[in-house]
Amino acid sequence: MDARDPSEPDVASLFAPVAVEDTFAGVLTEARQVLGQLDDPVDAELWGSDLIGALASSAAGQASLMDTLTGSLVPAAEAASTPEALALLRVFAAVGSPDLRAAAGQAAARLRAHDVADPPWAGAVGAPVVRDCWHYADVGGRQESLAMTFAYGDKEHAVCVLIDHGRGGRIKDAWVTKGPGVRADTEREAARDPLVVFEMIDAAGARLRLERAISAGECPEQPDQVDDVVAHRALLRARLDLLAALG
């Protein structure tokens, strides 16, 4: 699942601008239709990040949304006690705020203890292995693309961010690319352009760049960039926490 794929359901149109507390039935229906069909954990994370972004339009800020999800949707999912509710909790435990992750993870464990069936990706979601990281930019330093690759088993994906230094180092776009060879393809393309500088960086360097960009804020311009940034916001924060945990 790629947030840019036009074949995927428009999660935002399903839930906004309904109050978050009133979306549970729709969220569960969507979870049943989508999450049970997935086999790659990052697809579940992308769905969850997109969902959180869509619900954000109905909340007074990201912190308020996470509090509402923790206090309302997590208990509702546990009470529902269905496979799709457990899948939803697993997703929240992967891409939510720290408090939401903790509450969702505990609720998921209780459902599993009552023999509710887990999705096939449940054991891995939220904990990929960190692989290569790099960035490339124009020689003037106006814009920078940061890429961090992660792997679930032999399945790799790159989480990418476009940072606009002309607008305070804020995030202009974000996307996920799946499959092997992303770094080699990017490096090869960069080598063809004398105005582009490509550099490998370690996970600590990637974390610092991502942390600064998230702290600076967002500056998407085109409609597709707005959609991308909203849809990937939760995933970016979850990956930042993952990188920070490495020390």
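The values are calculated or read from the model by the stated rules, or taken from the named source; none is laboratory data. Note that the structure is predicted; figures quoted are calculated from it, not measured. Neighbour counts run over all protein chains shown; Cβ positions are idealised from the backbone, glycine included. Just so you know, the surface numbers come from the protein's heavy atoms only, side chains and all, with ligands and any DNA or RNA stripped out. Shrake-Rupley method; radii C 1.70, N 1.55, O 1.52, S 1.80 Å.
Here are the numbers:
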| quantity | calculated |
| --- | --- |
| Separation in nanometres of the label points that stand 7 Å from Cα toward Cβ, at Thr29 and Asp241 | 3.0 |
| Within segment 70-180: Cβ-based charge dipole about Cα centre, in debye rounded to nearest 20 (Lys, Arg +1; Asp, Glu -1) | 160 |
| Percent RCO, i.e. relative contact order, over segment 86-131, from Cα pairs under 8 Å lying at least 6 residues apart | 45 |
| Residue among Pro75, Pro223, Pro119 with the largest mean-square fluctuation in a Gaussian network model of the chain, springs linking Cα atoms under 10 Å | Pro223 |
| J(HN,Hα) series, segment 90-96, from Karplus relation 6.51 cos²θ - 1.76 cosθ + 1.60, nearest Hz, glycine and proline x | 4, 5, 4, 5, 9, 10, x |
| Accessible area of segment 44-91 belonging to carbon and sulfur atoms, whole % at 1.4 Å probe | 55 |
| Extension reserve of the His114-Val129 stretch, reckoned as 0.36 nm per residue once the Cα distance is removed | 2.4 nm |
| Cut-off 11 Å between beta-carbons: net charge of the residues surrounding Glu156, Lys and Arg +1, Asp and Glu -1 | +1 |
| Long-range amide H partners of Ile201 with built H, under 5 Å | Cys133, Trp134, His135 |
| Cut-off 16 Å, label 7 Å out along Cα→Cβ of Gln62, residues of segment 134-175 by amide N | 160-164, 169-175 |
| Extension reserve of the Lys178-Glu221 stretch, reckoned as 0.36 nm per residue once the Cα distance is removed | 13.0 nm |
| Probe 1.4 Å, accessible area per residue of the chain, Å² | 45 |
| Heavy atoms of Asp22: accessible area, 1.4 Å probe, square angstrom to 10 | 120 |
| Highest-MSF residue in the chain out of Ala63, Ala85, Ala54 [GNM, Cα springs under 10 Å] | Ala63 |
| Percent RCO, i.e. relative contact order, over the chain, from Cα pairs under 8 Å lying at least 6 residues apart | 20 |
| Of Glu189, Glu45, Glu144, the one that fluctuates the most in a GNM where the chain has Cα springs shorter than 10 Å | Glu189 |
| q = 0.09, 0.18 Å⁻¹, the chain: log10 I(q)/I(0) [Debye, one scatterer per Cα] | -0.38, -1.43 |
